[in-house]
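Undergrad: The structure that follows is given in the form of structure tokens.
The values are calculated or read from the model by the stated rules, or taken from the named source; none is laboratory data. Predicted model only: the values in this text are computed from it and were never measured. Every residue, glycine as well, gets a Cβ built from its backbone with ideal geometry; the counts of neighbours run over all protein chains shown.
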Amino acid sequence: MKCRRCRDRAVVDVRRHNAAFCGPCFLHHCREQVRRAIDDFDMIRPGERVLVAVSGGKDSLGLWDLLRELGHDADGLYVGLGIGAYSDESGRYAREFAHARGLKLVEVDLEADHGFSVPDGARAARRAPCSACGLSKRHVFNETAIAHGYDVLATGHNLDDEAAVLFGNVLRWETGYLGRQHPVLPAAPGFARKVKPLVRLGERELAAYCVLRGIDYIVEECPMAHGNRHLGYKEALNAIEERSPGTKASFLFGFLERGHPRFAADARDEREGLEPCLRCGAPTPGDGRGEALCAFCRLQARATGSGRP
Ligand code: Q46
Ligand code: ZN
């Protein structure tokens, strides 16, 4: 197989594009996909400060590297979730990546800084671990980006992730989620702008990118992911993609072009009528008396037994 760009010997094939690349041209392809995503969706403007949420995995570390390669001013944010050895290991990969390249890594530890870990929170609130975890990460990412004055928060969601989330939202017709499912969520009072610059790259491409760039990342999956619905959606889509390469990309990008505008109003309605959380100030659906706690503070209160509810 020959490289599509330079006709040298290819080392990576990308079936979705019906193309194969040699090492240097593959790295160029990845940078181009990220550059295009940033331009097409107006994610990051020149001179803006970006905070990249990193988990120690291939997607987030690959994203941090790609943003730096493209010349963006990007620091990392690692959130310790308190998931035993998995968290210790993933933190080590994130720190080593930053240290080896002289990059700034902001760290927040859920247990040390907020008094509870993901397993504690999930137990106390009787929620699935991934639900307590997702809620906590979203809160801490947003709060940290705002507190440190970053213009943009970037996450490592890739094409496979986004297609799987879309699939799940369509299966249950979650119109509010569909309205919010976009590679850019604009800033609003109390909310930093959130962007997903990897939407044009798949999981396999990110893994190959990291190998070719010499990026060491945690390979083990989070032990709490087991039985997670999202993984089932990914497997179903992978089976379809295997038979018809390109399906995931047309599902996701077709939705963004032709479906998303029809649901955007549902998401806008949800953002209206928010009030600052009584405890932390984050925007949250109000109770009309100015006494509402946000979902994160309610989870924290349950997990630590501090005050209501
Ligand atoms: S870290 Fe958290 Fe994931 Fe682990 S508990 Fe679930 S959501 S699987 S990306
Ligand atoms: Zn709060």
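Undergrad: State whether the residues of region 245-265 include one that is touching a Cys at 6+ places or on another chain (Cβ under 8 Å), buried (at least 17 other Cβ atoms within 10 Å of the Cβ), touching a residue at least 40 places away in the same chain (Cβ under 8 Å) and over 17 Å from Leu178 (Cβ atoms).
TA: no
Undergrad: Looking at the structure I just gave you, is Ser55 touching a residue at least 40 places away in the same chain (Cβ under 8 Å) and either touching a Pro at 6+ places or on another chain (Cβ under 7 Å) or polar (S, T, N, Q) (or both)?
TA: yes
Undergrad: Still on this structure, I have one more. Name every residue in region 81-123 that is farther than 16 Å from Cys222 by Cβ, within 16 Å of ligand 2 (Cβ to nearest atom) and of a type outside the set (D, E, K, R), in order of residue number.
TA: Across region 81-123, the qualifying residues are Val108, His114, Gly115, Phe116.
Undergrad: Can you run down the residue pairs with Cβ atoms below 7 Å, 6 or more apart or on separate chains, where the first is in region 179-206 and over 18 Å from Asn169 (Cα atoms) and the partner is of a type in the set (D, E, K, R) and assigned to a loop (DSSP other than H, G, I, E, B)?
TA: Short answer, once both residue conditions are applied: Arg193/Asp151.
Here is a yes/no grid of residues against (1) of a type in the set (Gly, Ala, Ser); (2) surrounded by 15 or more Cβ atoms within 10 Å (Cβ to Cβ); (3) assigned to a loop (DSSP other than H, G, I, E, B):
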| residue | (1), (2), (3) |
| --- | --- |
| Cys6 | no, no, yes |
| His28 | no, no, no |
| Val34 | no, yes, no |
| Asp39 | no, no, no |
| Met43 | no, yes, yes |
| Pro46 | no, no, yes |
| Val50 | no, yes, no |
| Gly62 | yes, yes, no |
| Leu66 | no, yes, no |
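Undergrad: Let me ask another. Looking at Asp59, is it closer than 26 Å to Glu162 by Cβ, within 16 Å of ligand 1 (Cβ to nearest atom) and of a type in the set (Asp, Glu)?
TA: Values: closer than 26 Å to Glu162 by Cβ: yes; within 16 Å of ligand 1 (Cβ to nearest atom): yes; of a type in the set (Asp, Glu): yes.
For Asp59, the condition - closer than 26 Å to Glu162 by Cβ, within 16 Å of ligand 1 (Cβ to nearest atom) and of a type in the set (Asp, Glu) - is met.
Undergrad: So is Met1 farther than 28 Å from Arg302 by Cβ and modelled with pLDDT under 95 or not?
TA: When the stated conditions are applied, Met1 passes them.
Undergrad: Name the one entry in Ala295, Ala301 that is surrounded by 12 or more Cβ atoms within 10 Å (Cβ to Cβ) and touching a residue at least 40 places away in the same chain (Cβ under 8 Å).
TA: Ala295
Undergrad: Still on this structure, I have one more. Pairs please, first residue from region 64-85 and without any contact (Cβ under 8 Å) to a residue 40 or more places away in the chain, second anywhere and among the aromatic types (Phe, Trp, Tyr) and in a helix (DSSP H, G or I), Cβ atoms under 6 Å, 6+ apart in sequence or on different chains.
TA: These pairs meet every condition: Gly76/Trp64.
Undergrad: Quick one: which helices (runs of 4 or more DSSP H) lie wholly within region 103-165 and hold at least 1 residues that are within 20 Å of the chain's Cα centre (by Cα) and more than 10 Å from ligand 1 (Cβ to nearest atom)?
TA: 110-114, 129-147
Undergrad: So for region 107-123 (the condition being modelled with pLDDT of 95 or more, surrounded by fewer than 21 Cβ atoms within 10 Å (Cβ to Cβ), over 23 Å from Glu270 (Cα atoms) and touching a Pro at 6+ places or on another chain (Cβ under 8 Å)), does at least one residue qualify?
TA: There is at least one residue in region 107-123 that is modelled with pLDDT of 95 or more, surrounded by fewer than 21 Cβ atoms within 10 Å (Cβ to Cβ), over 23 Å from Glu270 (Cα atoms) and touching a Pro at 6+ places or on another chain (Cβ under 8 Å).
Undergrad: Restricting to region 143-169, count the residues that are within 16 Å of ligand 2 (Cβ to nearest atom) and surrounded by 21 or more Cβ atoms within 10 Å (Cβ to Cβ). Please lay out each step first, then the result.
TA: Going residue by residue through region 143-169, those that are within 16 Å of ligand 2 (Cβ to nearest atom) are 143-147.
This time we only want the ones that are surrounded by 21 or more Cβ atoms within 10 Å (Cβ to Cβ), so: 145.
Result for region 143-169: 1.
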